[in-house]
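Before any comments, here is the structure.
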Amino acid sequence: MNDASGARGVIVAHGTLAQGLTDAATIISGVEEGVLFPVSNAGRSPQALQESIDEHLAVGPVIVFTDLPSGSCAVAARKSCRGDGRKAVVCGVNLPMLLDFVFNRHLPFHELVPRLLSKGIGSITSVPDYP
């Protein structure tokens with residue numbers, strides 16, 4: 001990935017989760033319009049969901065974030081992105097992961113995707129801290 005403007009993100013999730021994560025990441029980061037796109041599976045058939053994802057994949061590098069590693073969102077995302085080195089699917093999206101994406105989306109996929117996974121996992125904690 002060497003797109004000067006960086007990757008775009010498509011958040012695919014159940015219910016209103018995708019819109020909520022997009023809104024929160026946009027408010028916190030101030031990222032410009034056209035970087036994050038929410039897609040909900042609500043009321044969509046598997047084919048309609050995949051078509052909705054495909055609408056956002058036409059131009060440049062894209063990371064599709066899903067809420068779960070399986071289910072309708074992940075299956076549609078994987079089908080949409082298969083065989084294309086300018087697209088990746090990252091499952092288990094959370095807000096810290098999205099914020100890291102927004103600020104580092106210019107990195108090559110081979111650096112960006114592992115970074116996002118690490119940020120997402122590393123942000124899961126509890127108070128008090130349990131071993």
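Values in this text are rule-based calculations from the coordinates and carry no lab data. Everything numeric in this text was worked out from a predicted model, so none of it was measured. We place every Cβ from the backbone using ideal geometry, glycine too, and count neighbours over all the protein chains shown.
The H on the amide N of PHE65, modeled in the peptide plane, is under 5 Å from the matching H of VAL10, ILE11, VAL12, VAL90, each at least 5 residues off or on a different chain. Dipole magnitude for the chain: about 340 debye, using +1 per Lys or Arg Cβ and -1 per Asp or Glu Cβ, origin at the Cα centre. Subtracting the Cα-Cα distance of ALA24 and GLU51 from 0.36 nm times their residue separation leaves 7.2 nm of extension gain. The fraction of Cα-Cα pairs per 5 angstrom bin, counted from 0 for the chain, comes to 2, 11, 22, 24, 21, 11, 5, 2, 1, 0 percent, rounded to whole percents.
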